[in-house]
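Beneath this line is the structure, given in structure tokens, with notes to follow.
The values are calculated or read from the model by the stated rules, or taken from the named source; none is laboratory data. None of the values given here were measured: they were computed from a predicted structure. Quick reminder, even Gly has a Cβ in these numbers, built from the backbone with ideal geometry, and neighbours come from all protein chains shown.
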Amino acid sequence: MNLSVVEVADLLQIPKSKILKLAETSKIPAYKINGQYLFSLSELIEWSLINHNYIFPQMVEHALNEFNMNFIVLFERGNLVYDIVNSISPKEYDNLMKNIAIPQSTRLEDIERTLKVKNSLTIACLKTSYAALHPRNPLFCLHKEESISIVNFQKSFEIDDTRRSKVNTVFINFNANAARHLLCRLIISYLCQSIDMAILLEKKEEKNKFIDLAKQIINK
């Protein structure tokens with residue numbers, strides 16, 4: 001789908017003049033066709049996530065209208081695990097793999113290889129201690145097995161991202177293709193911006209509370 005400068009300004013809540021300047025200097029993905037800049041929704045989502053931009057509801061609503069995905073089912077299929085014992089170092093990939101819901105269609109060696117790639121995890125959003133898969137580093141599965149798992153560790157540990165971020169909670173999503181991975185990551189970051197998400201994690205609430213929160217936030 002091709003988005004205009006005006007539409008992008010609304011989705012990102014950035015003035016039109018700044019969007020044009022970003023496009024002219026190649027600081028945002030854009031295509032110039034017949035003298036006008038056009039934008040791809042998927043590329044905008046990826047750009048926003050990689051740059052840790054604040055995710056506005058306009059972007060989420062637009063993305064949800066573009067893709068057909070039931071996020072509540074994804075949370076229901078995934079695991080929610082607290083207080084995983086860890087040692088800060090080495091990296092906690094083995095503990096992570098033991099506690100996420102692994103689709104039957106995904107091989108363990110593929111998960112291990114993906115998670116151990118540099119920058120495989122990045123912070124879900126700024127000013128949090130939550131990590132999620134990099135927008136360009138998806139984990140694939142069959143459509144009917146898509147899920148989101150949340151794993152909380154006893155000790156914070158450093159992930160190998162560009163910020164050398166310290167995290168204590170990791171969100172792992174399995175999706176059927178790269179476009180659905182991007183949408184899922186967008187929703188994860190959007191939820192992680194919410195103070196209510198932080199409260200649920202702090203109180204170590206049950207999975208149904210997270211599902212209720214997802215319903216409330218996504219439907220706003």
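A few remarks follow.
- When the residues of region 116-153 are filtered to those that are part of a strand (DSSP E or B) and not aliphatic (A, V, I, L, M), the one that is farthest from residue 174 (Cα to Cα) is 153.
- Number of the exception - residue 66 against (1) farther than 19 Å from residue 185 by Cβ; (2) modelled with pLDDT under 95; (3) touching a helix residue (DSSP H, G or I) at 6+ places or on another chain (Cβ under 9 Å); (4) among the acidic types (Asp, Glu): (1)
- Of residues in region 79-89 being of a type outside the set (A, V, I, L, M, F, W, C) and touching a helix residue (DSSP H, G or I) at 6+ places or on another chain (Cβ under 8 Å), the one surrounded by the most Cβ atoms within 10 Å (Cβ to Cβ): 86
- None of 28, 45 is closer than 22 Å to residue 119 by Cβ, in contact with an Asp or Glu (Cβ under 9 Å, 6 or more places away or on another chain) and not assigned by TED's automatic domain parsing to the domain that holds residue 130 except 28.
- Answer residue from region 158-192, given it is surrounded by 15 or more Cβ atoms within 10 Å (Cβ to Cβ) and of a type in the set (Val, Ile, Thr) and is modelled with the lowest pLDDT among those: 159
- Residue count, region 159-174 (criterion: of a type in the set (D, E, K, R) and free of Cβ contacts under 8 Å to residues at least 40 places away in the same chain): 2
- Test: residue in region 8-26 that is touching a helix residue (DSSP H, G or I) at 6+ places or on another chain (Cβ under 9 Å), closer than 27 Å to residue 213 by Cβ and buried (at least 18 other Cβ atoms within 10 Å of the Cβ): yes
- Any hit, region 37-46, residues being farther than 23 Å from residue 179 by Cα and either in contact with a strand residue (DSSP E or B) (Cβ under 7 Å, 6 or more places away or on another chain) or surrounded by 12 or more Cβ atoms within 10 Å (Cβ to Cβ) (or both): no
- Some residue of region 97-113 being under 27 Å from residue 208 (Cα atoms), touching a helix residue (DSSP H, G or I) at 6+ places or on another chain (Cβ under 9 Å), of a type in the set (D, E, K, R) and assigned to a helix (DSSP H, G or I): no
- Members of region 89-120 that are of a type in the set (S, T, N, Q) and either over 18 Å from residue 150 (Cα atoms) or in contact (Cβ under 8 Å) with a residue 40 or more places away in the chain (or both): 89, 95, 99, 104, 105, 106, 119, 120
- Wholly enclosed strands (runs of 3 or more DSSP E) of region 12-95 bearing at least 1 residues within 17 Å of the chain's Cα centre (by Cα): 80-84
- Exactly one residue out of 185, 163 is part of a helix (DSSP H, G or I), touching a strand residue (DSSP E or B) at 6+ places or on another chain (Cβ under 8 Å) and more than 20 Å from residue 108 (Cβ to Cβ): that is 185.
- Any hit, region 193-215, residues being surrounded by fewer than 15 Cβ atoms within 10 Å (Cβ to Cβ), assigned to a loop (DSSP other than H, G, I, E, B) and modelled with pLDDT of 95 or more: yes
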